[in-house]
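Okay, structure first, notes after.
Just so you know, all these numbers are worked out from the coordinates, no wet-lab data involved. Fair warning: this is a prediction, and the values are worked out from it, not measured in the lab. Quick reminder, even Gly has a Cβ in these numbers, built from the backbone with ideal geometry, and neighbours come from all protein chains shown.
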Amino acid sequence: MRRTVAEHQAAVAGLLRSGYDAGRPEVLPLADALGRTLAEDVRAPVSLPPFDNSQMDGYAVHAADLADPCALVVAEAIPAGSVPPALERGTAAPIMTGAMLPPGAAAVVPIERADPPRFYSAAERAGGATVTLPRGVEAGLFVRRAGSDIPEGETALPAGTFLGPAQLGLLAGCGVGRVPVRPRFRVLLLSTGDEVAEPGAPLAPGTIYDANTTLLEAALRDAGADVTRHRLLGDDPAVLRDAFAAIPSGSTDLVLSTGGISQGAYEVVKQALTGSSVEFSSVALQPGGPQACGTISGVPFLGFPGNPVSALVSFEMFLRPALSRVAGSPAPRLVLDAVLVEDVRSPEAKHQVRRGLYRNGEVALVGGPGSHLLHALAASNCLVHLPEGVGSLAEGDSVEVTLIGPVPQDPFAAQDVPVTGLPVPD
Ligand SMILES: Nc1nc2c(c(=O)[nH]1)N[C@H]1C(S)=C(S)[C@@H](COP(=O)(O)OP(=O)(O)OC[C@H]3O[C@@H](n4cnc5c(N)ncnc54)[C@H](O)[C@@H]3O)O[C@H]1N2
Ligand code: MOO
């Protein structure tokens, strides 16, 4: 069966949806919820801020003194964390950033704008110190109103939100200690092939080390999945069938294999699954053309091709986006436009994915199109998309790239960044 990339993406997302039960939330402490997805709406149990407070270290001014705050008698200082008494007309209270605004106060004047521009000692205050503030203070100046960030009872985060540092910070700020998150997506990972050996063991003639299990396990864990590694399986279809039959029902959301799915005489996955509901397709993608997708005894199954780069490209093109759509995690990859720094050719009938190094809006290809080029893959930070219908592109043309690794920083670039304005206090 032949498929476009979009058709296979839809098939994989549909497959995952059929097997994954998002409705059995786990409740986790915030510290363990990074990278997870909210299972239910979370409402703010308190307003943020919980009370009117000062945005600056300065003087709290009474509403009646805003027009002409001259020679105000300095009242008791208000540190953050205290509950101040009401502010009397004709007085100004030294107030610290984050401290509760006293009843009667309508604005805060920063200490730098006061005369004198320093805080008095307790002894000076007791001696009747006065302060002069600029005329015409605007009501609400440097006051952070209760609930101005989020009012109590409002939805702080909706179900399906990906929990990064900012989202966890919001929940912590609202006093939420534990959150209901969707369960981790569970994957049983197995690699096939008589030629494949465990890294660390001696390498017999004609064999290669298993790169795929480690590569895919890392990719899946990085994407928030829970991974169980199966021992390496050879090229005997009966052994593989037994391995499939031994998977306890309900123990995994997906079985993922690599290798054994193309046109050879010993395609173990294909042979083991003959007559099953798994479909073997040729997707218009390179690398990652041969693909298997279906269910084994009701358990969703994907078969990726054996070449390591094909396995990673398959993961990035099909499985990772489906995990984002179905389980809510991981966050989708960043896709950018980049300028090619060289000419490139591509098979017109396929969507070719090259590996590249993206930096400063430009992309250079790393290595050739071959799907065995692990070293070049490790030196790249993006996938470069040469879509179906495109036979060649020239230096200076624009391409889409998917960032899969960190972008190197140019140590001198910061000097070129234009300064657009001064930071404004919150
Ligand atoms: N006559 C044809 N031959 C091939 C076709 C085709 O259309 N017609 N497709 C080619 C493409 S494209 C790919 S991709 C591969 C996919 O083959 P399989 O999925 O069946 O994978 P294997 O044949 O088992 O292995 C392919 C390649 O990858 C190496 N390999 C396998 N497992 C691992 C592992 N765990 N770690 C590292 N490397 C692994 C294996 O030794 C082979 O070199 O088929 C092409 N052939
Ligand atoms: O499709 Mo294969 O994955 O080119 O190498």
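Points worth noting:
- Relative contact order %, segment 53-144, counting alpha carbon pairs below 8 Å whose residues are six or more apart: 41 percent
- Debye intensity ratio in log₁₀ form over the Cα atoms of segment 325-401, taken at each q of 0.13, 0.14, 0.20 Å⁻¹: -0.40, -0.46, -0.87
- Cα-centred dipole magnitude for segment 277-350, charges only on beta-carbon of K, R (+1) and D, E (-1), debye, nearest 20: 260 debye
- Ranked by the mean number of other Cβ atoms within 10 Å of their residues, highest first, the peptides 289-297, 99-107 fall in the order 99-107, 289-297.
- Quarter the surface of the alpha carbon convex hull of segment 31-111 and you get the mean projected area, 7.5 square nanometres.
- Selected from P79, V42, I95, residue furthest toward positive end of dipole (segment 16-104; charges at beta carbon): V42
- A364-A139 pseudo-label distance in nm [points 7 Å out on the Cα-to-Cβ vector]: 6.3 nm
- Pairwise label distance in nanometres, S277 with R43, each label 7 Å out on the Cα-Cβ vector: 4.1 nm
- Between D194 and A238, the modelled labels are 1.4 nm apart [label points 7 Å from Cα along Cα→Cβ].
- Alpha-carbon Debye profile of the chain, log10 I(q)/I(0) at 0.10 Å⁻¹: -0.81
- Efficiency of FRET between A379 and Y209 - r from beta-carbon atoms, R0 25 angstrom, step 0.05: 0.85
- Computed log₁₀ I(q)/I(0) - Debye formula, equal Cα scatterers, no solvent, segment 89-200, q 0.16, 0.23 Å⁻¹: -0.92, -1.34
- Between amide H atoms placed 1.01 Å from N, distances below 5 Å from I95 occur with G58, Y59, A60, I78, all of them 5 or more places distant or on a separate chain.
- Debye, to nearest 20: dipole size of segment 53-144, +1 on Lys, Arg Cβ, -1 on Asp, Glu Cβ: 80 debye
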